[in-house]
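The values are calculated or read from the model by the stated rules, or taken from the named source; none is laboratory data. Remember, it's a predicted structure, so these values are computed and weren't measured experimentally. We place every Cβ from the backbone using ideal geometry, glycine too, and count neighbours over all the protein chains shown.
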Amino acid sequence: MISAIKTFFKRIFPIVKKELYSYFVSPIAYIVITVFLVISGYFFSMILFYGQSAELRGVIHNMSITLLFISPIITMRLLAEEKKLGTIELLTTYPISLTHIVLGKYFASLILFLIISFITLEYPVFLLIYGKPDIGPMLSAYLGFILLGGVFLSAGLFASSLTENQIVATVIGFGILLMLWIISWAGGLVNGNIGSILSSLSVFEHFDSFTRGIIDVADCLYYISLSFSFVFLTIRRLEWKRW
Amino acid sequence: MVKLSNIKNLLNWIRKKEFKKGTDAIIFIVSVIGIVVFINVLISRYNFRYDTTENKQYSLSNQTKKVLKNLDKKVKVLAFLKKGSYYEKQIKDLLHEYTQRTKKLDTEYIDPDKEPALASTYGIKEYNTVVFESGLKRKSIFERELFSFDQYSQNPSATFFGEEYFTNAIITVTQETSQKSVYFLEGHKERDIDNNEREGMSEIKKALEMDNYSIRKINIAKEGKIPDDCGVLVIASPGSVVVDEELNILQKYLDNGGKMLVLLDPLISTRLEYLLNKWKVDVHNDLVFDPQACYFFDPRAPIPRYMGHDITKDLEKNKVAMVLPGAKSLTETKEKKEGTSVSNLLQTTSYGSWGERDFKSRKPEYNKDIDTEPPLTLAIAVTYWVKQKKEGKKEIEPIEMRLVVVGDSDFASNKAVQIQGNLDFFVNSVNWLAKEKDKISIRAKSSEIKRIDLSKGKSKFIFYTSVIITPLLVLCAGIYVWIKRRKL
């Protein structure tokens, strides 16, 4: 059992490494990170100055929306390019399966996302230096943010598996994520049973609890399930395409 | 236990070419997604929520959790909230916690500005009113009950009493006990609860109905007795003589543990005073003047002081004032009556007040010999434990008679009931008389607003670092990598 896990990681590792390398070699990653930090930093400062309240709740909401917009850009290259360059044939000759490839790329994008999140830790650090914030909600907000990122990136991954063109992949990625966003809006506007079903499907509805300081097992499971589903669909999609 | 070989067989089958494309694959995808959805639904039933906040402001107390767990009737919650207010968030957050724990709660958030028709159906007059409804029973909770804001302390904090009020409301509207009836006496030119002009009491009727009471009128001269379903009897300023037969009926009612609210007015005597006297309330034939604590400089409209009682404790806590326009004073009689306990509810605030008895003088002023001396009592509450004959060995629950007498009735009229304290006092009195049971006391959650004070220098530092410096560092790293690549 343990050996199976070991081989799994051994096989994924080169993919992750290769993918991360190509991220940091291309200008896209740096531009995306910079833009994200500028926007988030601006929101953080403004919310802090006007609200005068030592909490992350406001800025983390803005960060999640910004994340929604930059995720497709991060993930667009993951699978679309491979098909174009025909390197997918090369990959499949290695003793690794499609599953390993997909997971490797997914994890690479996750690591990039974790690096971005790590840099944004300067915001809670500021709050801790200059005030006495409630630490619990800050931790849970970040937990929610990371899980949310997992969902966005998995959706982008799936989008990039659908086409050979990076631009189209980005657009489809946007489309899927905007759909998720719209469902949460609709859930808020519509009352009654339909409204509550929509709300329970919405990505942002579950996020709210995290920002308030509540760690809910159902919310965590929801995000993990959604990420799993997108990754699973990606693998199935590629298998279908291959054969 | 699933055998390892079975898993391997399954995996091999999945890996087969024929499986990957075609209907098998579709079934596989659908089943996996189905299992994922199923697991989620399962977890939502056995869910676990962990509150990481410092003062556990999102955790519900054990009492609330118990009430919600045992809730078996559908309760509809309509929250008429002002969009964007700080209170809206707190109320929504709390109700969200409630709905997480029971499927029987159906919450609806309504913007009273956008749906004025719905708001008026529920009698909503102010923002941030939450209505709990189950079947025919309804209970409304107001913003001023939910929040008390202490802005003068070092750390400004808002105390939110939401949990106590919400849970109690749920208990109230789902109680098995039949709705209590409040009967208003008629036949002596009393104030009319169906009269919606200035002198009527229709606003009181509305307020009581919002608090889950059914309102009726009774003429005891005709009926000959007090109905059995009478929870509270209200005598709202009788203007003509109450005859002996009626006094006897009322006496019997009180002797058997009745609950009565009597509003009197100055310059009128109706012989009801004899009954009240038997219950230790002495009614003075005067008119209260309080030039130092009065409404709009009219010394005949005193603003009373609260003397510490269940009826007035919330008014005191929230610093809500009352006005009694045109009142007479009362006192506790000196005669002892075993088993009775008398409390002052309202008193004039200053020693500059007096009870004028000389109605002929042109200039009202305090005459020590004639007039009632300060401080003056304006409302009294009396309780009496009814002695009951023991039937054999059966334990009989003791019955308590409760009586509230107020030296003014104008405060409850439509023209004066806009003054918040007046309405609350009346409703609280009825509630106290009706002995609202099962009230749970839940400690309020104080949410300290975490202020952060930033000097201009600190603000600038934060701004420049987060918006300019950090992103710039990343950009430089990118440029460095790019240059290095070009060199290669």
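The table for this structure:
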| quantity | calculated |
| --- | --- |
| Candidate set: segment B:455-483, residues that are more than 7 Å from every other protein chain (Cβ to nearest Cβ) and of a type in the set (D, E, K, R); chosen: the one surrounded by the fewest Cβ atoms within 10 Å (Cβ to Cβ) | B:K456 |
| From B:G22, B:G34, B:G84, residue being more than 51 Å from the chain's Cα centre (by Cα) and either at pLDDT 85 or above or at positive phi (or both) | B:G22 |
| Enumeration of residues in segment B:284-327 that are charged (D, E, K, R), surrounded by fewer than 18 Cβ atoms within 10 Å (Cβ to Cβ) and more than 30 Å from the chain's Cα centre (by Cα) | B:D298 |
| Total residues in segment A:24-34, condition at the interface with chain B (Cβ under 7 Å from one of its Cβ atoms) and in contact (Cβ under 8 Å) with a residue 40 or more places away in the chain | 1 |
| Filter result (modelled with pLDDT of 85 or more, of a type in the set (A, V, I, L, M) and over 20 Å from the mean Cα position of the chain (by Cα)) within segment A:26-59 | A:M46, A:I47, A:L48 |
| Extreme residue, nearest to the other protein chains (Cβ to nearest Cβ), among residues of segment B:29-55 that are surrounded by fewer than 16 Cβ atoms within 10 Å (Cβ to Cβ) and in contact (Cβ under 8 Å) with a residue 12 or more places away in the chain | B:N47 |
| Counted residues, segment A:119-141 - those being surrounded by fewer than 21 Cβ atoms within 10 Å (Cβ to Cβ), more than 7 Å from chain B (Cβ to nearest Cβ) and in a helix (DSSP H, G or I) | 4 |
| Matching residues in segment A:219-230 - criterion: being surrounded by 21 or more Cβ atoms within 10 Å (Cβ to Cβ) and farther than 17 Å from A:S64 by Cα | A:F230 |
| Scope segment B:196-216; condition under 12 Å from B:K415 (Cβ atoms), in contact with a helix residue (DSSP H, G or I) (Cβ under 8 Å, 6 or more places away or on another chain) and either surrounded by fewer than 17 Cβ atoms within 10 Å (Cβ to Cβ) or among the charged types (D, E, K, R) (or both); matching residues | B:N196, B:E203 |
| In segment B:308-338, the residues that are in a loop (DSSP other than H, G, I, E, B) and in contact (Cβ under 8 Å) with a residue 60 or more places away in the chain | B:H309, B:N318, B:V320, B:A321, B:M322, B:V323, B:L324, B:P325, B:G326, B:A327, B:K328, B:S329 |
| Residue in segment B:225-251 that is surrounded by the fewest Cβ atoms within 10 Å (Cβ to Cβ), counting only those that are more than 27 Å from the chain's Cα centre (by Cα) and closer than 19 Å to B:S181 by Cβ | B:D228 |
| Enumeration of residues in segment A:82-106 that are part of a helix (DSSP H, G or I) and either at pLDDT 70 or above or of a type in the set (K, R) (or both) | A:K83, A:K84, A:L98, A:T99, A:H100, A:I101, A:V102, A:L103, A:G104, A:K105, A:Y106 |
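Residue-by-condition table, conditions (1) surrounded by fewer than 17 Cβ atoms within 10 Å (Cβ to Cβ); (2) at the interface with chain B (Cβ under 8 Å from one of its Cβ atoms); (3) within 26 Å of A:G156 (Cβ to Cβ):
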position: A:I2; (1), (2), (3): yes, no, no
position: A:K6; (1), (2), (3): yes, no, no
position: A:L20; (1), (2), (3): no, no, yes
position: A:F36; (1), (2), (3): no, no, yes
position: A:Q52; (1), (2), (3): yes, yes, no
position: A:N62; (1), (2), (3): yes, no, yes
position: A:T75; (1), (2), (3): no, no, yes
